[in-house]
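These notes concern the structure reproduced below.
The values are calculated or read from the model by the stated rules, or taken from the named source; none is laboratory data. Please read these numbers as outputs of a predicted model, since none were measured by experiment. All Cβ positions, glycine included, derive from the backbone under ideal geometry; neighbour counts span all protein chains shown.
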Amino acid sequence: MTGKKILVVDDDPKTVELVKLYLERDGYAVVVAYDGLSALRVFREELPHLVILDLMLPGIDGVEICRLLREESDVPIIMLTARTQDRDKMTGLDTGADDYVTKPFSPGELAARVRALFRRLPFERGPTEIKYGEFIMNIPKRDVHLKNKPLKLTSVEFKILATFLKEPGRVFDRVELIDKAFGYDFESFDRAIDVHIFNLRHKIEPDPKHPRYIKTIYGAGYKFSE
């Protein structure tokens, strides 16, 4: 066993069992829920290390569940969605999801994305603490302060900010940031990075419309102001 616990939330029992089978093969402990209210209860009882959350749920939908989870935790969340429009994917990411998988999906691919997210969580390589300007980041504790005030970031936002703070002034293109944040090629929806940058700016910038820290380098990517 990996020691990691995953909550799978979907109203389709067959989907839940298939995902559970593949995750257990990888050594994860799996707990399940079939609706929004049960998902919240199981999450608070079991304290999983990652959540796989269906967008379309009876009662409280996945977007609202994601929002509620984000109010109390920065646990990684992978959203499952049958919708393929960019705006639907962006809604999940904007609410705080770290990744998404479109139905119908390959359970093997989903398991690979789970492994990729877990690989990125510890930040075992590099410095354990970063101090840059008004930012202080503790990597192992996944804790960051700006002007001595704590920032509440999702796991992907934390990884992106850590990437910037480690190399301020360097221009990162979308592919590099995707690799840093997700750990695999995410070319099917590279605007995901733009959504996370947008959300991060609203948490750290005095004026998100005129960024002081995260600069857009048109045609190249993003960089953190030196």
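Restricted to segment 1-15, and to residues there that are of a type in the set (A, V, I, L, M, F, W, C) and within 22 Å of the chain's Cα centre (by Cα), the residue that is surrounded by the most Cβ atoms within 10 Å (Cβ to Cβ) is VAL8.
Per-residue answers, yes or no, for (1) assigned by TED's automatic domain parsing to the domain that holds GLY96; (2) over 14 Å from PHE118 (Cβ atoms); (3) surrounded by fewer than 15 Cβ atoms within 10 Å (Cβ to Cβ):
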site	(1), (2), (3)
GLU17	yes, yes, yes
LEU21	yes, yes, yes
ASP26	yes, no, no
TYR34	yes, yes, no
LEU40	yes, yes, no
ARG44	yes, yes, yes
ILE52	yes, no, no
ILE60	yes, yes, no
GLU64	yes, yes, yes
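Criterion first (modelled with pLDDT of 85 or more and closer than 30 Å to LYS166 by Cα) does MET79 satisfy it? Quick ask: steps written out before the conclusion?
Values: modelled with pLDDT of 85 or more: yes; closer than 30 Å to LYS166 by Cα: yes.
Yes; evaluated as a whole, the condition is true for this residue.
Can you find a residue in segment 125-138 that is under 26 Å from ILE52 (Cβ atoms) and modelled with pLDDT under 90? Within segment 125-138, not a single residue is under 26 Å from ILE52 (Cβ atoms) and modelled with pLDDT under 90. Taking the criterion of being more than 17 Å from the chain's Cα centre (by Cα) and at positive phi, the residues of segment 132-161 that qualify are GLY133, LYS147, ASN148.
The residue that is farthest from HIS145 (Cα to Cα), counting only those in segment 181-224 that are modelled with pLDDT under 85 and of a type in the set (Asp, Glu), is GLU187. Which of the residues belonging to segment 1-49 are part of a helix (DSSP H, G or I) and hydroxyl-bearing (Ser, Thr, Tyr)? Answer for segment 1-49, where residues must be part of a helix (DSSP H, G or I) and hydroxyl-bearing (Ser, Thr, Tyr): THR15, TYR22, SER38. Selection of segment 146-168 for residues being over 21 Å from ASP94 (Cα atoms) and in contact with a Phe, Trp or Tyr (Cβ under 7 Å, 6 or more places away or on another chain) yields LEU146, LEU165, PRO168.
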